[in-house]
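The values are calculated or read from the model by the stated rules, or taken from the named source; none is laboratory data. Remember, predicted model here, so these are calculated numbers, not experimental data. Every residue, glycine among them, receives a Cβ derived from its backbone with ideal geometry; neighbour counts consider all protein chains shown. These accessible areas exclude ligands, DNA and RNA; they are computed on the full protein's heavy atoms, side chains included. Shrake-Rupley method; radii C 1.70, N 1.55, O 1.52, S 1.80 Å.
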Protein chains: 2
Amino acid sequence: MSGMSPPVRTSEELRAHNRARLLRAVHDTGAALTRAQLTDRLGMARGTASVLVAELSDAGLITESPAEPPSRGRPSHVPGPHAEGPVALTIHLREDGWQLATGTIGGELSVLEEETHQGEPSRVFPEIADRIAAHRERLGHRLVGAAVSVAGPVVNGNLLHVTHLRWEELDVSGWLGTAGIPVRIANDATLAALAEARRGKLRGLSTALHIHVDFGVGGCLMDEGRPLTGARGIAGEYGHMRLTGSTRPCDCGAEGCWGGEVGAVPMLRRYGVAADYRQGRAALARLLRNAADGEPEAVAVLDATADSLGRGIGGLVNAHDPAAVTLSGIGVDLLHRARDTVTAGYRAALMRYHLDDPPPVLPADLGVRGPLVGAMELVFDEFITPERLTAWHQHHAAGDPTGDPRQ
Amino acid sequence: MSGMSPPVRTSEELRAHNRARLLRAVHDTGAALTRAQLTDRLGMARGTASVLVAELSDAGLITESPAEPPSRGRPSHVPGPHAEGPVALTIHLREDGWQLATGTIGGELSVLEEETHQGEPSRVFPEIADRIAAHRERLGHRLVGAAVSVAGPVVNGNLLHVTHLRWEELDVSGWLGTAGIPVRIANDATLAALAEARRGKLRGLSTALHIHVDFGVGGCLMDEGRPLTGARGIAGEYGHMRLTGSTRPCDCGAEGCWGGEVGAVPMLRRYGVAADYRQGRAALARLLRNAADGEPEAVAVLDATADSLGRGIGGLVNAHDPAAVTLSGIGVDLLHRARDTVTAGYRAALMRYHLDDPPPVLPADLGVRGPLVGAMELVFDEFITPERLTAWHQHHAAGDPTGDPRQ
DNA sequence: CGTTTATGCTCGTGGCGAAAACATAAAGGA
DNA sequence: TCCTTTATGTTTTCGCCACGAGCATAAACG
């Protein structure tokens with residue numbers, strides 16, 4: 001359950017590799033397991049775990065705190081985040097504002113800042129870079145990475161498109177360069193999927209699918225806890241497949257796209273409301289409220305969308321054969337208010353091989369926090385590697401447990 | 001480029017792991033690299049490679065033969081398959097017959113038998129099991145695994161469906177149990193994809209897509225050389241997605257399936273020919289020939305199918321973002337005879353983010369041998385692991401280089 | 001207050017790969 | 001013909017690693 005690493009070759013790499021495995025296990029289990037449980041789970045000898053924990057602890061990567069003794073026997077300790085340990089900085093950029101949060105080993109997330117913006121990229125991104133730079137000043141070497149979640153495809157980790165903000169092919173690397181550290185930028189649906197696979201309903205599943213419905217539709221296929229992002233990083237654009245038989249032209253250049261049938265934009269269109277992105281969220285809330293109150297037009301929109309959602313998911317299940325499907329965003333509303341319609345559409349689109357025991361379609365556990373949590377996982381996936389941990393160790397072995405990492 | 005392995009923990013596992021890496025490199029490069037090149041590629045010290053090669057050689061896994069000296073310096077040796085080394089048995093089952101082949105380290109394949117059958121599963125599978133058992137007798141411990149390729153989904157590695165043969169939910173494990181060794185059974189499109197990713201045009205690509213068009217359509221998404229087969233092993237049924245806006249009901253229970261628009265069955269339907277699977281292949285050959293001769297009806301069928309093929313591929317590229325797409329089966333004919341139509345449909349379905357530099361759509365290198373090659377890779381992926389290699393070594397360390405593996 | 005149970009620590013042991021020195025096998029040049 | 005150059009394979013030394021047995025520690029139990 002993590003990113004890839006180069007193969008282990010030498011004895012030294014073995015130590016680094018096992019250190020990373022241990023820290024990874026602490027992180028992935030939410031800093032809840034005792035040292036004895038970790039030792040057991042990783043199949044290590046007690047002596048080995050002893051050395052590794054001591055090393056990680058000395059380097060300021062973890063702290064051991066006493067565990068409440070569940071029974072007899074010598075009490076164990078629970079390795080958890082260190083007060084001076086590594087920090088991941090994450091930002092969730094939405095159409096009218098952004099959130100900034102920090103995360104620590106174990107997955108604890110703290111939202112520190114919330115701001116609004118006017119949709120002007122040349123102002124938004126430098127501002128974000130400034131905020132990151134400020135936290136970099138504050139955190140020093142503790143800041144091990146930063147990641148930004150955005151609601152659109154990110155080509156090759158850089159070129160950004162957000163249709164409903166009219167952001168087209170934004171080259172953000174320049175704007176974010178002033179942050180002082182590399183800043184990853186990734187699609188919000190991909191990050192939500194990553195979060196769900198690590199700390200939500202998709203955890204432990206070999207193949208799983210997450211779908212995020214907002215203004216449009218996006219998602220990500222997860223394989224053994226890893227997101228499949230494609231050759232350029234823009235996989236998962238399920239909203240631009242013709243999954244429901246529609247022929248309507250789409251902004252993307254194709255026609256019949258699923259995202260033209262499912263999401264806030266098509267729902268408001270069906271409802272007869274012209275709303276730009278600023279009014280969109282409020283208008284959609286009204287639509288959902290009216291549907292809950294039984295207004296026939298609103299209910300009809302909900303049902304039509306729920307049917308399209310179900311059918312699209314069915315097609316994707318035929319293609320990917322996931323063990324489960326989770327939904328976030330409006331998908332959750334559709335599931336709660338029109339579950340039967342979603343299910344009917346879903347089953348109608350499934351191959352018969354799936355009908356006996358169809359993969360469950362579930363609301364995601366992490367909800368609106370998904371993109372932030374996923375961004376944190378992205379940062380820690382890059383940090384919890386033999387190489388990065390060895391570098392961290394070297395900066396702390398020189399008797400400099402708090403200062404900057406200078407060579 | 002291989003399957004997954006449990007994490008390395010101890011020094012002993014390190015040795016086993018490096019042995020497997022070396023043998024894997026020999027296999028993946030087609031036994032073409034010299035020992036010095038392998039040492040370099042794997043980043044090993046010369047002494048380490050010396051020991052590993054000696055071990056693999058002593059165990060009868062590889063033989064070293066002299067390489068032609070390309071320049072000055074001490075001549076090197078090329079590790080290749082051992083005359084008494086491991087053998088993979090592969091079978092490609094088609095609607096009217098089957099082929100049996102063996103493969104060795106390095107990927108050399110020899111077709112040994114070809115038979116016809118009458119489509120009666122209770123006869124076909126026991127016959128195949130018998131043939132495997134016979135080769136098991138002949139090969140003894142050298143036979144390290146067997147795999148069968150079939151033209152339909154295989155649920156959980158066992159329940160088999162081949163629509164055009166009216167094979168429904170065949171539980172083949174019983175029939176194949178008499179082979180005496182575990183026999184894997186897998187979808188032909190998946191295996192063709194695996195072959196293409198290891199020894200064809202998809203080699204070395206992070207994310208890639210292979211699509212096989214025969215009576216219907218299937219495929220497989222490849223990630224870092226590994227096939228993504230889903231939770232039950234039936235991923236890649238792209239033929240059962242509604243990718244082209246059709247509404248025609250499909251045998252699978254859904255409607256509008258891509259496989260109802262692309263493949264031999266819909267082509268013959270459009271051509272007005274009623275043909276069961278026995279006549280189907282011949283009828284399709286006539287259709288293709290007539291199209292080549294310029295017969296308007298045949299050309300129209302080809303064009304309509306090529307357009308659907310291109311549009312479907314476009315949708316799948318939007319979803320998966322592969323670095324390249326390869327085609328096998330009728331897909332190659334469509335590409336050769338109606339490339340412009342395929343391309344036009346493809347581009348019409350692509351999101352604009354892909355239009356600048358669309359992933360190439362190419363005929364597969366391995367063609368009809370794809371499923372056999374892929375089946376061999378499947379067997380060797382299970383064999384070239386630290387655990388299996390250590391077991392092989394133990395049977396050969398007891399001074400019994402040719403005999404049966406008895407404890 | 002000794003026993004039981006569970007966990008952590010210390011140290012001896014076997015194994016591994018790196019690196020360097022040495023050996024080997026060809027081609028080139030004088 | 002013979003020495004030099006180049007490339008590769010082999011042997012040996014060395015530092016590092018995880019294992020595992022035995023011992024130490026820290027609670028609960030009776």
Normalised by the residues of the range A:203-364, what does the relative contact order come to in percent, with Cα pairs under 8 Å and at least six apart? 24
Accessible surface, the range A:48-191, averaged per residue in Å² (probe 1.4 Å): 44
The range B:241-251 - phi-based ³J(HN,Hα) in whole Hz, Karplus 6.51/-1.76/1.60, Gly and Pro as x: 10, 8, 9, 10, x, 5, 10, 4, x, 10, 3
Surrounding charge for A:Asp365, neighbours by C-beta under 15 angstrom, Lys/Arg +1, Asp/Glu -1, total +3
Once you average over the residues of A:11-18, how many Cβ atoms of partner chains fall within 10 Å of each Cβ? 2
At a probe of 1.4 Å, how much accessible area disappears from chains A and B on forming the pair, both sides counted, to the nearest 100 Å²? 4700
For every other residue with a beta carbon closer than 12 angstrom to the beta carbon of A:Ala189, add +1 if it is Lys or Arg and -1 if Asp or Glu, then tell me the sum. -4
For the range B:202-364, the percent of accessible surface on carbon and sulfur atoms (probe 1.4 angstrom, ligands and nucleic acids excluded) is 49
Can you compute 3J(HN,Hα) from phi for each residue in the range B:190-196, using the Karplus curve 6.51 cos²θ - 1.76 cosθ + 1.60 with θ = phi - 60°, rounded to whole Hz and x for Gly and Pro? 4, 5, 4, 5, 4, 4, 5
Given a Förster distance of 35 Å, the FRET efficiency implied by the Cβ-Cβ spacing of A:Asp293 and A:Asp251, rounded to the nearest 0.05, works out to 0.65
Stretch A:Glu387-A:Arg352 to full length: gain in nm at 0.36 nm per residue minus the Cα-Cα span? 7.9 nm
Once you place label points 7 Å from the Cα toward the Cβ at A:Ala54 and B:Ser71, how far apart are they in nm? 4.9
Relative contact order for the range B:178-230, counting Cα pairs under 8 Å that sit 6 or more residues apart, in percent: 33
Candidates per trypsin sites (Lys or Arg not before Pro) in the range B:121-218, loop by DSSP, up to 12 other Cβ within 10 Å: B:Arg166
For the range B:202-364, the Debye formula with one identical point scatterer on each Cα and no solvent gives log10 I(q)/I(0) at q = 0.17, 0.21 Å⁻¹ as -0.99, -1.42
Expected integer from the mean partner chain Cβ neighbour count at 10 Å over A:160-170 is 1
What does the copy distance list look like for B:Pro7, label position 7 Å along Cα→Cβ, in nm and ordered from shortest? 1.9
Can you tell me, using C-alpha contacts under 8 Å and at least 6 residues apart, the relative contact order of chain B as a whole percent? 17
Using r as the Cβ-Cβ distance of A:His336 and B:Ala83, and R0 as 45 Å, what FRET efficiency do you calculate, to the nearest 0.05? 0.10
What are the residues whose amide H is under 5 Å from the amide H of A:Met241, where those residues sit 5 or more places off or on another chain and H is modelled from the backbone? A:Trp258, A:Gly259
What is the sum of charges, Lys and Arg at +1 and Asp and Glu at -1, for the other residues whose Cβ falls under 13 Å from the Cβ of A:Ala49? +4
What nm value, rounded to one decimal, do you get for the distance between A:Ala282 and A:Gln118 when each label is placed 7 Å out toward the C-beta? 1.8
Cα-projected label distance for A:Arg138 with B:Glu224, points at 7 Å along beta-carbon direction, nm: 3.5
For the range B:357-371, Karplus couplings with θ = phi - 60° (6.51, -1.76, 1.60), whole Hz, Gly/Pro x: 9, x, x, x, 10, 10, x, 5, 6, 8, x, 5, 7, x, x
From the label point of A:Asp276, set 7 Å from Cα along Cα→Cβ, how far away are the matching label points in the other copies, in nm, ordered shortest to longest? 6.5
Kindly give the distances from A:Ser50 to its copy-mates, label point to label point, with each label point 7 Å from Cα along Cα→Cβ, as nm values to one decimal ordered shortest first. 3.7
